[in-house]
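> My structure is below; once you've seen it, I'll send some questions.
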Amino acid sequence: MVKRTLQKTVLLAALALVLLTGGVLAQEEPVIPAQACAEAGTLDLWVWDENWASILEESTNAWIESYCPGAVVNITVHPWGQYWDLVQTAATSGDLPDVFNMSQDRFYFYASNDALLDLQPYWDEYGVDTTVWGTGLVDPYRWGSNGDLYAGPVNWDTVAIYYNKDLFDAAGLEYPTSDWTWDDFAAAAAALTNPQNDVYGAAVFNEYQSGYPNWIAATGTTPVAEEGRTACTLQDEGSIEALNFLKGLQDEGYMPTVSILGGSSANDSFAYWSAGRVAVVTGGSWLLPQALEEITFNWDVVQLPRHPETGRTRSILHSVGYVAAANTEVPDLAANLILFLSSDEGQRFFAEASGVAPANPSPELQQIWVDSFGDTDINIQAFVDATTDSQGVTAFSEIWDAINTEIVLNIFDLGVSVEEATQTACDFINTQLPETAQ
Amino acid sequence: MNPTRDNRPSFLDRLSLLDRLVAYSVLIVGAVLMVLPFVWMVSTACKPSSELNRLPLRWIPEEPTCLENVRSLNETSPDFDQYLRNSIILTVGRTVGQFITCSLAAYGFARFEFPGKRVLFAASLALLMVPFQAIVVQEYLLLRRLDWLYTFAALIIPGIFSAFALFLLRQAFLQIPIELEEAAMMDGANPLQVLWSVTLPLSLPALAAFAVITVQAAWNDFLFPVIVSNSAATRPLTVGIALLQGERSTPWNLLMMGSLLATLPMLILFILLQRYFIEGVALTGSRR
Amino acid sequence: MTVIQNWLGRTPLARRRALWGLALVAPNTVGLLVFFGIPTLISFATSLQEWNGLRPPAYIGLDNFERLLRDEGFWKALGNTLKLLLLSVPTGVVLALGLALILNQQLRGRTLFRAIYFLPVVTSTVAASIVWTWIFQPRYGLVGNLLEPFGLRDTNWLTRPDLILLPIAIVTIWQRLGFDMILFLAGLQNVPRVLLEAAAIDGATRWQRFRHVTLPMLSPTTFLVVILSIINAFQIFDQVYIMTARTTRGGVGGSATTMTLLMYETAFTRNEFGYASAIALTLFVIILSVTIIQLRLQRRWVYYESDQG
């Protein structure tokens, strides 16, 4: 007993020391230091994003130069449209690249099929405390009874509202602020709608992470499926409330249908917004570079409106991770590269490239990211603020892919009632959940 | 080919003015419906993005941006040129390959007696009954086992064997008077030389029809390439533009430009070789 | 040695020519066997297996076929395929025949018209389907705006489960019309003018001449066109794949999923190769029986000149 207390005291003291020195030395002490590799070799690395490939090239070169001379990294870009087909094919034939990008919603499939390398022993070996990352970033990448972390998170994406200032001005409305509520939002959508000019108030229901799930999350309900992937949550009170709120806006004529948008994806809504046809859309932080370059009208971003009762504004957060193949011939090398890419040093390359918000929580890196967009009045900080109360993607791809689009189409294109659409969705999800299938 | 073809003028050809009026009205309305999608494709392909979601619709873009759209397409889909190249490789490979294997086989079946000939010919023709869709899964598994997936070999080699081309070319070869070949034989030519210098030159119209059928089928093939090509290295245009459509962020003007560029080569070929395309269809029809 | 020699032919020349013949047909025959024959045979075996392509296949007897019978998705795909067939084949065949009859007249510019009607045939189905997707787009699409007077501008043709098969059938007809028309035109060449002239002299009206001379003489062609169109309808894939790509592949609730698309998804997105083979085999059997049934019927209603002795 005495020993335990002593241990606790020592630990607390150590913690206090870490916190103190951490505060003082924040500039010098990296959150995650990189380390040298044991033995050089050749690695195949797959990404889906063209821009990331060039960032990666720089950062892997730095890794080779400083930590692993003689190593070779072959980077291949496979566009998103085919990436997962390819990864799945490669997994089936045992040809997975050594290291590749993973997304939270796909993780379950590969982890459950034992296709991925458990990185936890390496995190332990390298002395990385995996709780430095926020739960929304890494929890979806944990697997097994001990919650081993199988991925090194690269970045985060959050969602906020993109709005057309010119249309607000034309309607004589004040610009929204971060404490606006659903009610304010609905009032703005109504005032901004102008059928004569073929202009809608809002389009915020689209599929996947930048659409309706954010509204569900704000009610306090986990969107689509529960954290443990055990139950469909679409029929929970919060889901029904959020979906009915959005459907109500559409029924009033403030939001276009999916078909008028040209599709159910976030890109379709964003394109419609870019064309000046809708005043307010939900959009991810990944759209910032495109918006800064292309949008000709005055615009800004603001955090998602707050749920009137919970008072919460919640963003779905998605983090892309690096994972290694379970059957890689160079597991140590792969883990070492992932460590580097997650380290402060490796993440700097991402922070400095516009558009990629670094997963590494170092405040310095976060600021570099905000500053990387250059001299702009756009409220980029809104996306960083959105990370504070965020929700990781817990549904896995079978559900995410099959249902996301269908539920959006059913409710926001075909006029099916929320109750009926969510019933259909949950019926399907329940057949896909591993626990209930057994 | 059409023994009862009869081109002499007949009193049946005399049409009243009303007949003509009705006939032309139907033809013109039909032709407009046929052509409208092409016109709309070209019109949209030349519109700037800002003119896409705008009412009322305009047939002629206010500020045409054809060339800029080609450029943006290349930015959006940096591998577009390579898709084009792959389509050409795929098409040429299959056509030349099929020409070689099938003209050899057709010649063998048309002019030579050997044990098992009937069985082999019947077996080849029986495969005409198997729709490709029914075996595409097995085809994929076979190519995977051969470790050919995602190579040009996978795209081309299964496509160079054809029961249909065999049947078609054999029919053509059978129509050539055998005496001409025998004369060449007498001069000491071996069968390959006879095939090359006598039989093939005399079958040019059939070969041309065969070529356009094969070229067109290869250029427009989708189901097979979508399964056996997975990267820009071998992906043909059809799969490339399908991918653009599937990405859901590609604006319509670029999609139309992509479709236009994918269609143009066949349209040009058709305009140049119209006759053979039409004969090709008639031949397709004669296969049963 | 002599056995083989005798097997090849009786005289040295015959033997040499037999060897030549075998050598000439070998590449194509072997290729057909390997790439088409064997896969066809193997598909029977695979259809009796459960196989995700990863672990070794397991023999499960007829389970896949039992599953087919219970699988709502399969029946829906079969139903969609049949609906598409009914929507596209009769209309397509009648239109093609009508056009062929008109173009068979001595009209100026008929070669041009023939070429125009044939244009969609040479277009790839993928490109055509992308264009038609844009045409059927609500609000900013061509069809919607042409139908605006009927209040159909915002109709969501490509997402509504009750409408989606219509645009797909229209693309199919549009693309096939020229092909069928050429077949009919070729068939019309074989209708003897003398018969038509004799009928006309006997006072037969144009309709009577068509009904009692042209149509019976054309029946082999009609038969062929119908069979080819039906087989084509059972294989519809590209159109659905493309026209539903911007929302959800196969349409909301699988409202546009055809047999071929179902097979594709089963094999290549769900990695169930055994079950996919069972679907493929079913498709094969259906197409084969259509051909056989039609061949039987053909004897009854198709007029062949040779039948007259």
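> Over the Cα atoms of chain B, compute the convex hull volume and normalise it per residue, giving Å³. Please report the intermediate quantities before stating the final value.
Details: hull volume 56.8 nm³, N = 288.
Hull volume over Cα atoms, normalised by residue count, gives 197 Å³.
> Additional query: HN-Hα J couplings of segment B:58-67 from phi, Karplus 6.51/-1.76/1.60, θ = phi - 60°, integer Hz, Gly and Pro as x?
Going residue by residue, I get 10, 7, 9, x, 5, 10, x, 10, 3, 5 Hz, with x marking Gly and Pro.
> Further, regarding this structure: In whole Å, what are the Cα extents of segment A:274-341 along the three principal axes, biggest one first?
Principal extents (Cα only, largest first): 52, 37, 18 Å.
> Between rounded, prolate and oblate, where does segment A:84-161 land on the alpha carbon gyration tensor, with a ≥ b ≥ c its root eigenvalues, rounded for a/c under 1.5, else prolate if a/b exceeds b/c?
In terms of gyration-tensor shape, oblate.
> Once every DSSP H run of n ≥ 4 in chain B is given -39500 (n - 2.57) and the sum is divided by its residues, what mean residue ellipticity at 222 nm do you get, rounded to the nearest 500 deg cm²/dmol? List each step's numbers first, then the result.
Numbers: 14 runs with 193 residues, N = 288.
After summing the helix terms and dividing by the residues of chain B, the value is -21500 deg cm²/dmol.
> Same structure, new question: In Å, what Kirkwood hydrodynamic radius results for segment B:130-174 from the alpha-carbon pair distances? Before the final figure, lay out the partial values.
Working: mean 1/r = 0.0834 Å⁻¹.
Computed over segment B:130-174, the radius equals 12.0 Å.
> For chain A, what is the calculated [θ] at 222 nm in deg cm²/dmol (nearest 500), taking -39500 (n - 2.57) for each run of four or more DSSP H residues and dividing by its residue count? Provide the component values of the computation, followed by the final result.
Numbers: 20 runs with 204 residues, N = 438.
The per-residue figure over chain A is -14000 deg cm²/dmol.
> Cα centroids of segment B:216-288 and segment A:364-380: how far apart, whole angstrom?
Here the answer is 45 Å between Cα centres.
> Taking a quarter of the surface of the convex hull around the Cα atoms of segment C:54-205, what do you get in nm²? Present the calculation step by step, with values, prior to reporting the outcome.
Values: hull surface 66.1 nm².
The directionally averaged projection comes out at 16.5 nm².
> Among C:I130, C:I286, C:I293, C:I236, which comes first, second and so on when ranked by fewest other beta-carbon atoms within 10 Å?
C:I293, C:I286, C:I236, C:I130
> Sort out the exposed loop GluC sites (Glu not before Pro) in chain A (DSSP loop, at most 10 other Cβ within 10 Å) and tell me the longest stretch that has none. Before the final figure, lay out each step's value.
Working: sites that count: A:E28, A:E174.
With GluC sites (Glu not before Pro) excluded where exposed in loops, chain A gives A:175-438 as its longest stretch.
> Can you give the relative contact order of segment C:29-84 as a percent, counting alpha carbon pairs under 8 Å and 6+ residues apart?
Details: 22 pairs, mean separation 10.7, N = 56.
This gives 19 percent for segment C:29-84.
> Grab the eigenvalues of the alpha-carbon gyration tensor for segment B:1-130, scale each by 5, take roots, and send me the semi-axes largest first in whole angstrom. Walk me through the numbers on the way to the answer.
Details: eigenvalues 412, 246, 28 Å².
Semi-axis lengths for segment B:1-130 are 45, 35, 12 Å.
> Still on this structure: What is the log10 of I(q)/I(0) for segment A:23-133, computed with the Debye formula using one identical point scatterer on each Cα and no solvent, at q = 0.10 Å⁻¹?
Evaluating at q = 0.10 Å⁻¹ gives log10 I(q)/I(0) of -0.37.
> Give the Rg/Rh ratio for chain A, taking Rg as the radius of gyration of the Cα atoms and Rh as the Kirkwood radius, to two decimals. Walk me through the numbers before you get to the answer.
Details: Rg = 22.6 Å, Rh = 22.9 Å.
Using only Cα positions, Rg/Rh for chain A is 0.98.
> Can you compute the radius of gyration and Dmax for segment A:193-247, using only the Cα atoms, both in Å?
Just the Cα atoms of segment A:193-247 yield Rg and Dmax of 13.6, 48 Å.
> Could you work out the mean count of beta carbons from other protein chains within 10 Å of each residue's beta carbon in C:183-194?
Working: counts 5, 1, 3, 10, 3, 0, 8, 5, 2, 2, 9, 3.
Average neighbour count from other chains, rounded to a whole number: 4.
> Taking every pair of alpha-carbon atoms in chain C, give the share separated by more than 30 Å as a whole percent.
Working: 25032 of 47586 pairs.
So the pairs more than 30 Å apart make up 53 percent of the total in chain C.
> Which residue fluctuates most in the GNM of chain A (Cα springs below 10 Å): A:I368, A:I260, A:I380?
A:I260
> Using alpha carbon centroids, what distance separates segment C:110-152 and segment A:109-185, in Å?
Between the Cα centre of segment C:110-152 and that of segment A:109-185, the gap is 43 Å.
> Can you list the cysteines of the protein assembly as shown that have no other Cys Cβ under 4.7 Å away?
That list is B:C102.
> Based on a Kirkwood Rh over C-alpha pairs, give the Stokes-Einstein translational diffusion coefficient of segment C:163-309 at 10 °C and viscosity 1.306 mPa s in µm²/s.
Numbers: Rh = 18.2 Å.
Roughly 87 µm²/s, to the nearest whole number.
> Hand me the trypsin sites (Lys or Arg not before Pro) from segment C:32-94 located in a DSSP loop with no more than 11 other Cβ atoms within 10 Å, in residue order please. Working shown, then result.
Numbers: sites: C:R67, C:R70, C:K76, C:K83; in loops: none.
Filter output for segment C:32-94: empty list.
> Build a GNM of chain A with springs between Cα atoms under 10 Å: which of A:I407, A:I295, A:I161 gets the top mean-square fluctuation?
With Cα springs under 10 Å in chain A, the top fluctuation among A:I407, A:I295, A:I161 is at A:I295.
> Would you mind computing Rg(Cα) / (2.2 N^0.38 Å) for segment C:8-63, counting N as its residues?
Working: Rg = 19.5 Å, N = 56, 2.2 N^0.38 = 10.2 Å.
The value comes to 1.92.
> Can you give me the distance in nm between label points at C:W75 and B:N74, each placed 7 Å from the Cα along the Cα-to-Cβ direction?
That separation, rounded to one decimal, is 5.5 nm.
> A follow-up question, please. Roughly how many whole Å is it from the C-alpha centroid of segment B:131-157 to that of segment C:252-276?
Comparing the Cα centres of segment B:131-157 and segment C:252-276, I get a distance of 18 Å.
> Also: Taking a temperature of 37 °C and a viscosity of 0.692 mPa s, what whole-number D in µm²/s does Stokes-Einstein yield for segment A:251-395 with Rh from Kirkwood over alpha carbon pairs?
Value of D from the Cα-based Kirkwood radius: 185 µm²/s.
> Quick check of the Kirkwood formula: for segment A:165-221, what is the inverse mean of 1/r over all pairs of different Cα atoms, in Å?
On the way: mean 1/r = 0.0791 Å⁻¹.
Evaluated over segment A:165-221, this radius sits at 12.6 Å.
> Now for a separate question. If amide H atoms are built 1.01 Å from N in the plane of the peptide, which residues on other chains or at least 5 residues away come under 5 Å of the amide H of C:Q49?
Under 5 Å from the amide H of C:Q49 lie the amide H atoms of C:I60, each far enough along the sequence or on another chain.
> I need the per residue convex hull volume for segment A:129-249, using only the alpha carbons, in cubic angstrom as a whole number. Intermediate results must be reported in sequence, preceding the final value.
Values: hull volume 16.7 nm³, N = 121.
About 138 Å³ per residue, rounded to a whole number.
> For segment B:67-174, how big is the tail of P(r) above 25 Å, as a whole percent of Cα pairs? It would help to have the intermediate numbers written out before the result.
On the way: 2332 of 5778 pairs.
Value for segment B:67-174 (Cα pairs over 25 Å): 40 percent.
> Please compute the Kirkwood hydrodynamic radius over segment B:204-288, one decimal place, Å, based on all pairs of different Cα atoms.
Details: mean 1/r = 0.0693 Å⁻¹.
Averaging 1/r across every pair of different Cα atoms and inverting gives 14.4 Å.
> If you wrap a convex hull around the Cα atoms of segment C:4-137, how much volume per residue is inside, in Å³? Provide the component values of the computation, followed by the final result.
Values: hull volume 40.9 nm³, N = 134.
In segment C:4-137, the Cα convex hull volume per residue is 305 Å³.
> Within 10 Å of each Cβ of C:14-24, how many other protein chain Cβ atoms are there on average? Present the calculation step by step, with values, prior to reporting the outcome.
Working: counts 3, 1, 1, 6, 6, 2, 8, 14, 7, 6, 15.
Counting Cβ atoms of other protein chains within 10 Å of each residue's Cβ and averaging gives 6.
> Suppose we keep just the alpha-carbon trace of segment B:212-262; what are its Rg and Dmax in angstrom?
That works out to 11.5, 35 Å for Rg and Dmax.
> Find the relative contact order for segment B:70-224 and round it to a whole percent, using C-alpha pairs within less than 8 Å whose residues are 6+ positions apart. The partial results should precede the final answer.
Details: 102 pairs, mean separation 58.9, N = 155.
Result for segment B:70-224 is 38 percent.
> Run a plain Debye calculation on segment A:313-374 (Cα atoms as equal point scatterers, no solvent) and give log10 I(q)/I(0) at q = 0.14, 0.15, 0.16, 0.22 Å⁻¹, rounded to two decimals, same order as the q list.
-0.49, -0.54, -0.60, -0.90
> Moving on to the next point. Can you pull a Stokes-Einstein diffusion coefficient for segment B:60-121 at 20 °C (1.002 mPa s), Rh from Kirkwood over Cα pairs, as a whole number of µm²/s? Kindly include the intermediate steps, with their values, before the conclusion.
Values: Rh = 15.9 Å.
This corresponds to a translational diffusion coefficient of 135 µm²/s.
> Two decimals, Cα atoms only, Kirkwood Rh: what is Rg/Rh over segment B:150-234?
1.14
> For segment B:63-165, which GluC sites (Glu not before Pro) pass both filters: DSSP loop (anything but H, G, I, E, B) and at most 12 other C-beta atoms within 10 Å? It would help to have the intermediate numbers written out before the result.
Working: sites: B:E68, B:E75, B:E113, B:E139; in loops: B:E113.
Listed in order of number, the matching sites are B:E113.
> Radius of gyration and Dmax for the protein assembly as shown's Cα atoms, expressed in Å?
Answer for the protein assembly as shown, Rg first and Dmax second: 32.7, 123 Å.
> For chain C, with the dipole built from +1 on Lys and Arg beta-carbon atoms and -1 on Asp and Glu ones, taken about the Cα centre, which of C:I60, C:L99, C:I170 lies farthest toward the positive end?
Farthest towards the positive pole: C:L99.
> May I ask you to derive the FRET efficiency for A:N146 and A:D377 from their Cβ-Cβ distance with R0 = 45 Å, giving the value to the nearest 0.05? Can you show the working numbers first?
Numbers: r = 47 Å, r/R0 = 1.05.
The formula returns an efficiency of 0.45 here.
> Against the empirical 2.2 N^0.38 Å scaling, what ratio does the C-alpha Rg of segment A:220-261 come to? Write out the running numbers ahead of the final one.
Values: Rg = 13.0 Å, N = 42, 2.2 N^0.38 = 9.1 Å.
After normalising by residue count via 2.2 N^0.38 Å, the value is 1.43.
> Please find, in a Gaussian network model of chain C (springs between Cα atoms separated by less than 10 Å), the residue of C:L195, C:L163, C:L24 whose mean-square fluctuation is greatest.
C:L24
Read-outs throughout are calculated quantities, based only on the coordinates presented, and are distinct from any laboratory measurement. Fair warning: this is a prediction, and the values are worked out from it, not measured in the lab. We place every Cβ from the backbone using ideal geometry, glycine too, and count neighbours over all the protein chains shown.
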